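The values are calculated or read from the model by the stated rules, or taken from the named source; none is laboratory data. Just so it is clear, the model here is predicted, and its values are computed rather than measured. For neighbour counting, all protein chains shown are included, and Cβ atoms are generated from backbone atoms with ideal geometry for every residue, glycine included.
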Amino acid sequence: MRPLEGITVVTLEHAIAAPFCTRQLADLGARVIKVERPGVGDFARAYDTRVNGLASHFVWTNRSKESLTLDVKHPEAEIILHKLLETADVLVQNLAPGAAERLGLSYSALKEHYPRLIVCDISGYGADGPYRDKKAYDLLIQSESGFLSITGTSDDPAKAGCSIADIAAGMYAYSNILAALIQRGKTGQGCNIDVSMLESMVEWMGYPLYYAYDGAAPPARAGASHATIYPYGPFPAGDGKTVMLGLQNEREWAAFCSKVLQRPQLATDARFSTNSARSAARDELRAIIVDVFSALSGEQVIARLDDAQIANAQLNDMHDVWRHAQLKARERWVDVATPNGQVPALLPPGIPDSYSPRMDAVPALGQHTDAILKELGYDDKALAELREGRAI
């Protein structure tokens with residue numbers, strides 16, 4: 001038995017933050033009913049066509065869900081939504097600011113009728129404050145949270161290559177919903193969860209924030225290198241491969257000098273005798289490292305690093321990750337169905353050995369509309385009328 005079997009989640013969601021949250025609830029066995037706009041659905045369905053004609057973001061965040069098309073502004077929609085909420089445990093929404101309130105789906109509007117319902121609102125800036133009504137997209141939150149100010153090169157800031165602000169908010173929504181379900185099991189009462197993308201990202205910015213505490217200089221943008229530890233980052237080998245490595249202490253520095261660079265005298269060189277000194281003299285030290293690595297292949301560099309027990313990694317691209325030997329050895333890929341055929345999907349990290357995660361199909365738009373509405377008491381005639389009236 002999966003831990004969330006018997007739990008029903010109704011979600012009015014789009015893009016990444018809420019869908020990533022609810023997909024993880026589905027992984028644990030929850031029934032997730034995804035309410036989508038008739039005809040177009042979650043706009044993330046149209047981001048691209050890279051996965052057998054389907055959108056990469058959508059395939060990633062929407063497996064194991066049921067798709068119900070519903071025009072939430074149609075007069076019948078309120079009735080349908082309340083029928084769903086009668087048996088729901090969780091309502092998740094990341095609609096535009098104020099939209100849930102206008103639809104009568106705020107926690108304050110629902111709690112009297114559904115005292116056990118957990119309502120999770122995901123927004124850019126939170127339910128109140130001067131930024132409450134501002135639109136928020138992942139890149140904008142990366143900027144507002146200060147992430148861009150410490151990411152990139154000394155010349156140019158850079159965004160993260162994946163939607164980390166959305167992912168952060170989705171993870172906090174997911175973990176807080178799990179906590180709320182545990183709490184409800186003790187008290188019998190639901191609650192309201194207010195997840196802000198900005199607050200989620202600022203939490204992740206804890207180290208650079210404290211590093212810049214009380215007016216101190218923030219970490220400098222250092223590309224793929226570490227801003228304050230050196231050597232820590234990418235270095236080219238003689239065959240054109242790039243090797244990532246990281247040193248954390250003086251013991252590792254001594255091993256790096258003797259076994260990797262094969263220049264043990266550098267370990268006590270005053271220019272590089274502490275991390276602060278190495279970081280200050282990083283251009284000079286980098287030249288020495290690159291000179292040694294230029295005579296070696298990437299494989300040989302990694303062999304030396306492994307022998308010295310220095311942390312290292314290959315600079316993999318997406319194709320390398322698809323065929324990563326570690327993921328293959330641990331059998332982390334399984335096939336899931338989509339409207340356009342089977343595709344591989346990564347098993348959720350950290351699932352206990354007491355159950356298997358749910359890895360069901362990515363739904364077609366409106367695939368489950370009729371089945372769900374029949375559960376709610378609508379017959380074929382009523383469904384035809386709803387369809388004719390463009391409610392579904």
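Structure data summary
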quantity: Long-range neighbours under 8 Å by Cβ, at least six apart or interchain, first residue of a type in the set (D, E, K, R) within segment 365-392, second at pLDDT 95 or above and in a helix (DSSP H, G or I); calculated: Asp370/Leu383; Lys374/Leu383
quantity: Criterion: farther than 19 Å from Asp121 by Cβ, surrounded by 18 or more Cβ atoms within 10 Å (Cβ to Cβ) and in the same structural domain as Cys162 (by TED's automatic domain parsing) - qualifying residue of Asp27, Asp42; calculated: Asp27
quantity: Residue match in segment 142-154 (condition: under 18 Å from the mean Cα position of the chain (by Cα) and hydrophobic (A, V, I, L, M, F, W, C)); calculated: yes
quantity: Selected residue (criterion: surrounded by the most Cβ atoms within 10 Å (Cβ to Cβ)) from residues of segment 137-172 that are among the small types (Gly, Ala, Ser) and more than 20 Å from Leu209 (Cβ to Cβ); calculated: Gly170
quantity: Selection count where residues are in a strand (DSSP E or B) and not β-branched (Val, Ile, Thr), scope segment 43-101; calculated: 7
quantity: Residue check, Leu296 among the aliphatic types (A, V, I, L, M) and assigned by TED's automatic domain parsing to the domain that holds Pro264; calculated: yes
quantity: Residue count, segment 245-271 (criterion: part of a helix (DSSP H, G or I), surrounded by fewer than 15 Cβ atoms within 10 Å (Cβ to Cβ) and over 38 Å from the mean Cα position of the chain (by Cα)); calculated: 5
quantity: Close pairs from segment 302-320: first in the same structural domain as Val292 (by TED's automatic domain parsing), partner among the hydrophobic types (A, V, I, L, M, F, W, C) and in a loop (DSSP other than H, G, I, E, B), Cβ under 7 Å, at least 6 apart; calculated: Ile310/Leu247
quantity: Qualifying residue in segment 66-78 (condition: among the basic types (Lys, Arg) and either surrounded by 20 or more Cβ atoms within 10 Å (Cβ to Cβ) or outside the structural domain of Leu139 (by TED's automatic domain parsing) (or both)); calculated: no
quantity: Top-ranked residue of segment 201-231 - restricted to ones that are at pLDDT below 95 and touching a strand residue (DSSP E or B) at 6+ places or on another chain (Cβ under 9 Å), ranked as farthest from Asp166 (Cα to Cα); calculated: Ile229
quantity: Only one of Leu95, Leu68 that is touching a His at 6+ places or on another chain (Cβ under 7 Å), among the hydrophobic types (A, V, I, L, M, F, W, C) and closer than 15 Å to Pro19 by Cα; calculated: Leu68
quantity: Top-ranked residue in segment 337-355 [being closer than 17 Å to Leu25 by Cα and touching a residue at least 40 places away in the same chain (Cβ under 8 Å); ranked as surrounded by the most Cβ atoms within 10 Å (Cβ to Cβ)]; calculated: Ala345
quantity: Verdict on Ser64 being of a type outside the set (D, E, K, R) and touching a helix residue (DSSP H, G or I) at 6+ places or on another chain (Cβ under 6 Å); calculated: yes
quantity: Residues of segment 179-225 that turn out to be within 30 Å of Ala313 (Cβ to Cβ), among the small types (Gly, Ala, Ser) and either outside the structural domain of Asn94 (by TED's automatic domain parsing) or without any contact (Cβ under 8 Å) to a residue 24 or more places away in the chain (or both), as a count; calculated: 8
quantity: Filter pass, Ala224 being assigned to a loop (DSSP other than H, G, I, E, B) and either in contact with an Asp or Glu (Cβ under 6 Å, 6 or more places away or on another chain) or exposed (fewer than 15 other Cβ atoms within 10 Å of the Cβ) (or both); calculated: yes
quantity: Positions within segment 374-392 being in a loop (DSSP other than H, G, I, E, B) and of a type outside the set (D, E, K, R), in sequence order; calculated: Leu376, Gly377, Tyr378, Gly389, Ala391, Ile392
quantity: Enumeration of residues in segment 273-320 that are farther than 20 Å from Ala227 by Cβ, in contact with a Gly (Cβ under 8 Å, 6 or more places away or on another chain) and not small (Gly, Ala, Ser); calculated: Phe293, Leu296, Gln314
quantity: Hits in segment 102-131 (condition: part of a helix (DSSP H, G or I) and surrounded by fewer than 17 Cβ atoms within 10 Å (Cβ to Cβ)); calculated: Arg102, Ser108, Ala109
